[in-house]
Ligand code: PLP
């Protein structure tokens, strides 16, 4: 098919071919269904709809109101939430809205250290969260690789942050939300759980439930949740507005109303109703038995992958995984994260280099890679094929400068993946 803008459509096709022929192991990526994609590429992109369903600042919103309400209702059902906002354009936007609603500039926050697996928006000095607020961090125990809750509690008691943030971009274990809430109650802090990575495993009850214990929960929608790129905010239990929070001069009636205002007009303009429609489709899919089976397979594939790496002498941070991902320390193989990423990409295996806790390399080099199984599982990879993929990776990593090994692994990768549709499971 020819297009007026052939240049861009040729590039899109090239990217589709790249996705089709490779092994996609970036833990934060996935492949969406045709229906999610169709909703995103729909006429809803033409519509302005500032406000919320039934309370808009533009005419002609009767239909997008129904779309957005369905997205909200399905999301609430999926996580057992009583309040939800589906408008954040991204995970970072969701976190910025929550902090804008709950904190004043200069307030203390306590988050998971970026270099131990946390996210930029949890207080990094290069992010709004570290610039507007005063960040403190907890990390993992050097020996076990597990979140050091003793250190979290100690810092919480000493600094008395207004908000404790849990959740991560590169942490393969489940979280003890009960313990975090306990210390937060002791010091009068709010708990924000950012479940961007494991959201799908939480929705299908394969991991602990943060909504029961954390005041506010944010997530992206495009990782394990397998929806369009975007963000969400949720709450289950009513809680008292702890610091007499206000929006401008007025007291909003509830935390939900305060958070809604922090999304729009606080941090965003018009919502992306085409993306919200795609979120609704993805939430509908996530409510099915098929998605629950998919999530189980994602978790099984990750567990088998961690075992296979360990068998080949790799160090997995925390020695295993409870979720969809793992962080591999490559120092035992004498290879940096940067070199591993670059060479694996040339063999059509996509991973990202990642700092490991207490890393001695810079963030541009790193000693590790992060891998995850959501995307390959969507393409139908089952646990019997995981050893084959780990073998491919091991060949490239242990022959890091050998072009002939790389060429032969690439051919094997293309043969394994090339015939499968992007969305199969
Ligand atoms: N929070 C966590 C824990 C993440 O891992 C990410 C993305 O990687 C984000 C927030 C930000 O999401 P986005 O890239 O949609 O802004």
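The values are calculated or read from the model by the stated rules, or taken from the named source; none is laboratory data. Model, not experiment: these values are computed from the prediction. Because the Cβ atoms are built from the backbone with ideal geometry, glycine has one as well, and the counts that use them run over all protein chains shown.
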Going by the conditions given, is residue 118 assigned to a loop (DSSP other than H, G, I, E, B), under 22 Å from the mean Cα position of the chain (by Cα), buried (at least 24 other Cβ atoms within 10 Å of the Cβ) and within 12 Å of the ligand (Cβ to nearest atom)?
-> yes
Read through the list (1) more than 16 Å from residue 71 (Cβ to Cβ); (2) surrounded by 17 or more Cβ atoms within 10 Å (Cβ to Cβ); (3) in contact with a helix residue (DSSP H, G or I) (Cβ under 7 Å, 6 or more places away or on another chain), then give the number of the only condition that residue 226 fails.
-> (1)
Out of the residues in the range 203-214 that are in contact (Cβ under 8 Å) with a residue 24 or more places away in the chain and surrounded by fewer than 24 Cβ atoms within 10 Å (Cβ to Cβ), which is nearest to the ligand (Cβ to nearest atom)?
-> 207
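What do you reckon, is residue 261 under 23 Å from residue 46 (Cβ atoms) and part of a helix (DSSP H, G or I)?
No.
Do we find that residue 333 is in contact with a strand residue (DSSP E or B) (Cβ under 6 Å, 6 or more places away or on another chain) and either closer than 18 Å to residue 314 by Cβ or in contact (Cβ under 8 Å) with a residue 24 or more places away in the chain (or both) in this structure? Walk me through how you get there before you give the answer.
Working: in contact with a strand residue (DSSP E or B) (Cβ under 6 Å, 6 or more places away or on another chain): no; either closer than 18 Å to residue 314 by Cβ or in contact (Cβ under 8 Å) with a residue 24 or more places away in the chain (or both): yes.
Considered against the rule, which asks whether it is in contact with a strand residue (DSSP E or B) (Cβ under 6 Å, 6 or more places away or on another chain) and either closer than 18 Å to residue 314 by Cβ or in contact (Cβ under 8 Å) with a residue 24 or more places away in the chain (or both), residue 333 comes out as no.
Could you list all residues from the range 160-178 that are part of a helix (DSSP H, G or I) and surrounded by 15 or more Cβ atoms within 10 Å (Cβ to Cβ)?
Quick first cut of the range 160-178, residues part of a helix (DSSP H, G or I) only: 177-178.
Correct list: 177 only.
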Quickly run through the range 347-373 and pick out the residues that are over 23 Å from residue 173 (Cβ atoms) and within 22 Å of the chain's Cα centre (by Cα).
-> 349, 350, 364
Wholly within the range 1-115, helices (runs of 4 or more DSSP H) carrying at least 3 residues that are surrounded by fewer than 19 Cβ atoms within 10 Å (Cβ to Cβ) | 6-21, 34-40, 62-79
How many residues does the range 86-101 hold that are under 21 Å from residue 45 (Cβ atoms) and away from the ligand (no atom under 12 Å from the Cβ)?
-> 2
The range 173-197, residues that are within 18 Å of residue 300 (Cα to Cα) and away from the ligand (no atom under 13 Å from the Cβ) | 173, 174
Expected single match for within 16 Å of the ligand (Cβ to nearest atom), part of a helix (DSSP H, G or I), out of contact with any strand residue (DSSP E or B) (no Cβ under 8 Å at 6 or more places or on another chain) and without any contact (Cβ under 8 Å) to a residue 60 or more places away in the chain among 200, 130 is 130
Selection status of residue 271, in a helix (DSSP H, G or I), under 26 Å from residue 103 (Cα atoms) and modelled with pLDDT of 95 or more = no
